[in-house]
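Below: one structure, written as structure tokens.
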Amino acid sequence: MSNLEVKTRNGVTHTHHRSTWAEIDLKAIEYNYRQVRKHVGKGINIMAVVKANAYGHGTVEVSNALERSGVDYLGVATTDEAVRLRDHGIKCPILVLSSVLPVEVGVAVEKDITLSICDEELFDVIRKESARGGKLKVHIKIDTGMGRVGIWHEEALNLVKKVSAESGMILEGIYTHFSSAGRDDFFTTYQIEAFEKLLSSIEKNWIKIPLRHAANSIATVDFHRAHLNLVRPGLVIYGMYPKHTFPRIIKLKPALELKTRVVFIKDTPPGRSISYGRTFITHKHTKIATLPIGYADGYGRKLSNKAEVLIRGRRARVVGKITMDQTMVDVGHINGVKMGDEVVLIGKQGREEIRAENLARMAESIAYEVVCGISNRVPRVYKY
Ligand SMILES: *Cc1c(COP(=O)(O)O)cnc(C)c1O
């Protein structure tokens, strides 16, 4: 066994003196993208959401793969994320999905980054910046019931008129976001109806907005009425299911595996306590293995005494509290476990599989948080 060698895109090799890593399968990302493409059909644009380091998968690598696959648009959360993509040669249009502060407008104009606009103040700043440099593309964000950024749908028409009349700006899109897609059909329908109503009053005013969008992953898979002419999937691009019923509708491949190796193992008699707070006591003679991963890597404390890992194709349970850098598992029932054995925390080994969705349920969380939470300390290894 050697150190973990990670080759970056420009051919530089980093050696990591630590055996915990996340393996990202870019072919799976491309596969999931194609599945979404097939599902929504031709004529509908796809904006893949790559915010938060592409849900922990690595923004630049994922965006490159999606750009090669022909994605129409990329969605990020911050101007910083968009700038990073531009600086790494991404040419595809990029929309910042959140509201930004006026200080961020300059760089957006300079790097051809599309901004979301939801109030007059930002509108004024963009107008002034655009007068100095090139034109800025904007999407107006409408709040139909998310209660986050966005102008309330009843008040939006005036802003739409102003933006469309402004020569220094290109009004390219308009969108809204669901607060309860897949959980509250009544409210989601209310939201899409409010949005449709606004769209038709915009049309009555002879204003043409090329891109109209609302659908996150859930609505992309299961609410066709919200497809309009662009969908904004995030989670499904990474191969995770936002609802347990979705595998029947669309087939996805998880793109991320989280792995480590056994660094230490010892025989442990009955009655010994494991880890901080002594929340686990051995009740028989067993073997306890230590793994070099902890909550500082994003393997959360809520998984303590609950999660399982895969070793030699078998399941082993986490025992005791997960610590900052180390986690203990009971391997008494698995023959021949030794130092250096590969351990899967998320992913497949033999016939067993642990999915991010499973860990999320145990941690009383959501798959989103599990993958976003995998920290920078964990090297990403790419499979092309
Ligand atoms: C994060 C986000 C998405 C993607 O959501 P998923 O549930 O991951 O598909 C879409 N639109 C907006 C505005 C978002 O913030």
**OP:** Calculate I(q)/I(0) for the chain by the Debye formula, one identical point scatterer on each C-alpha and no solvent, and give its log10 at q = 0.06, 0.09 Å⁻¹ to two decimals.
**Re:** -0.28, -0.60
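When ligands, DNA and RNA are left out and all protein chains stay put, how many square angstrom of accessible area per residue does the stretch 256-354 have with a 1.4 Å probe?
On the way: 4770 Å² over 99 residues.
Value for the stretch 256-354: 48 Å² per residue.
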**OP:** Could you do me a favour and compute the accessible area per residue for the stretch 26-240, 1.4 Å probe, result in Å²?
**Re:** 41
**OP:** Between the alpha-carbon centers of the stretch 11-78 and the stretch 202-245, tell me the distance in whole angstrom.
**Re:** 18
**OP:** Please identify, among His285, His213, His153, the residue showing maximal mean-square fluctuation in a Gaussian network model of the chain using a 10 angstrom Cα cutoff.
**Re:** His285
**OP:** Can you find, among Leu345, Ile322, Ala296, the residue farthest towards the positive end of the dipole of the stretch 256-354? Put +1 on the C-beta of Lys and Arg, -1 on that of Asp and Glu.
**Re:** Ile322
Original post:
Taking Cα pairs under 8 Å and at least six residues apart, what relative contact order does the stretch 1-144 come out at, in percent?
Top reply: 15
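Evaluate the charge dipole of the chain about its Cα centre and quote only its size in Debye, nearest 20, assuming +1 on the Cβ of each Lys and Arg and -1 on the Cβ of each Asp and Glu. Working shown, then result.
Values: 57 positive and 42 negative charges, 311 e Å.
That gives the chain a dipole magnitude of about 1500 debye.
Would you mind working out the magnitude of the charge dipole of the stretch 211-255 relative to its Cα centre, with +1 at each Lys and Arg C-beta and -1 at each Asp and Glu C-beta, to the nearest 20 Debye?
Values: 7 positive and 1 negative charges, 11 e Å.
With only Lys, Arg, Asp and Glu charged at Cβ, the dipole is about 60 debye.
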Original post:
Just Thr245, Thr260, Thr282 to compare: in a GNM of the chain, with alpha carbon springs under 10 Å, which one fluctuates most?
Top reply: Thr245
Original post:
For the stretch 256-354, what % of the accessible area comes from carbon and sulfur atoms, probe 1.4 Å?
Top reply: 48
Original post:
Under a point spin-label approximation (7 Å from Cα along Cα-to-Cβ), what is the His333-Ile249 distance to one decimal in nm?
Top reply: 3.6
Original post:
Between Val107 and Tyr276, what is the FRET efficiency for a Förster distance of 51 Å, r being their Cβ-Cβ separation, to the nearest 0.05?
Top reply: 0.70
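What does the charge count around Glu154 come to, taking other residues whose C-beta lies under 15 Å from its C-beta (Lys +1, Arg +1, Asp -1, Glu -1)? Spell out each step's value before the answer.
Values: positive: Lys141, Lys161, Lys197; negative: Asp119, Asp143, Glu155, Glu193, Glu196.
Here the charged neighbours net out to -2.
Once neighbouring chains are kept in place and the probe is 1.4 Å, which whole percent of the accessible area of the stretch 103-209 is contributed by carbon and sulfur? Mind showing how you got there, number by number?
Details: 2740 of 5370 Å².
Answer for the stretch 103-209 is 51 percent, counting heavy atoms of protein chains only.
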Subject >> Of Ala215, Ala54, Ala289, the one that fluctuates the most in a GNM where the chain has Cα springs shorter than 10 Å >> reply: Ala289
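Work out the FRET efficiency for Ser201 and Arg225 from their Cβ-Cβ distance, taking R0 = 22 Å, and round it to the nearest 0.05.
Working: r = 18 Å, r/R0 = 0.84.
Here the calculated transfer efficiency is 0.75.
Please report the net charge: other residues with Cβ closer than 14 Å to the Cβ of Ile354, K and R +1, D and E -1. Mind dumping the intermediate values first?
On the way: positive: Lys259, Lys306, Arg314, Arg315, Arg317, Lys348, Arg351, Arg355, Arg361; negative: Glu23, Glu257, Glu308, Glu342, Glu352, Glu353, Glu357.
Net local charge, Ile354 excluded: +2.
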**OP:** Any chance you could list P(r) for the stretch 26-240, counting all Cα-Cα pairs in 10 angstrom bins from zero, rounded to whole %?
**Re:** 9, 35, 37, 18, 1
Original post:
Given +1 on the Cβ of Lys and Arg, -1 on the Cβ of Asp and Glu, and no further charges, what dipole in debye does the stretch 175-229 carry about its Cα centre, rounded to the nearest 20?
Top reply: 240
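The values are calculated or read from the model by the stated rules, or taken from the named source; none is laboratory data. None of these values were measured; they are calculated from a predicted model. Neighbour counts are summed over all protein chains in view; Cβ atoms, including those assigned to glycine, are modelled from backbone coordinates with ideal geometry. With ligands, DNA and RNA removed, areas are computed over all heavy atoms of the protein, side chains included. Shrake-Rupley method; radii C 1.70, N 1.55, O 1.52, S 1.80 Å.
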